[in-house]
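Below is one structure; the comments refer to it alone.
The values are calculated or read from the model by the stated rules, or taken from the named source; none is laboratory data. Worth saying up front: this structure is predicted, and the values here are computed from it rather than measured. All Cβ positions, even for glycine, are placed from backbone atoms using ideal geometry, and neighbour counts span all protein chains on display.
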């Protein structure tokens, strides 16, 4: 197992949380780089690598709020396990199935975190931040898959202009 890419993925999560999160926010709505990276690693890497990455990504992401750190670790590890199991049973060639996996993982993560933080303001937070954040993350995941599958290339973009 090569460890350098995983360290770079963790650095990307940390960099997004510390610096890029506020810069890429649209009207206070942020995309969830943490769950996106855990899901992508679980989709494209092996079982052990996905589980260990989920654990360490939860540790890194949870360090911003120490009261939620154990929950972030558990959620990220379980997300990696579930996504790995689902990815062996779906049509992995379909972009729609991969996008649905990302959207459902981000939605489930955000719902669980909101319920842990404040159950009284659930519906306000859900409609104001969670749903738009899921859409934002799904759009970025869709763009990633389009570029990775070669459907969006530099030559095709250049041909438009």
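Within the stretch 126-139, the set of residues being under 13 Å from residue 30 (Cβ atoms) and touching a helix residue (DSSP H, G or I) at 6+ places or on another chain (Cβ under 7 Å) comprises 130, 133, 134, 137.
Scanning the stretch 60-83 for residues that are within 15 Å of the chain's Cα centre (by Cα) and more than 21 Å from residue 111 (Cβ to Cβ) yields a single hit, 60. The requirement of being more than 26 Å from residue 28 (Cβ to Cβ), at pLDDT below 95 and part of a helix (DSSP H, G or I) is not satisfied by residue 113. Is it true that residue 161 is farther than 25 Å from residue 41 by Cβ, surrounded by fewer than 16 Cβ atoms within 10 Å (Cβ to Cβ) and at pLDDT 85 or above? The answer is no for residue 161.
Within the stretch 13-34, being farther than 19 Å from residue 51 by Cβ and assigned to a helix (DSSP H, G or I) holds for 14, 15, 16, 17, 18, 19, 20, 21, 22, 23, 33. Does residue 98 fit the bill of being touching a strand residue (DSSP E or B) at 6+ places or on another chain (Cβ under 9 Å), at pLDDT 90 or above and in a helix (DSSP H, G or I)? Taking the combined requirement at face value, the residue does not satisfy it.
The lone criterion from (1) out of contact with any helix residue (DSSP H, G or I) (no Cβ under 8 Å at 6 or more places or on another chain); (2) surrounded by 13 or more Cβ atoms within 10 Å (Cβ to Cβ); (3) not in a helix (DSSP H, G or I) left unmet by residue 89 is number (2).
Among the residues of the stretch 140-161, those that are without any contact (Cβ under 8 Å) to a residue 24 or more places away in the chain and under 22 Å from residue 30 (Cβ atoms) comprise 143, 147. Cβ-Cβ contacts under 8 Å between residues 6 or more apart (or on different chains), taken from a first residue in the stretch 23-37 that is at positive phi to a second residue that is in a strand (DSSP E or B), are absent.
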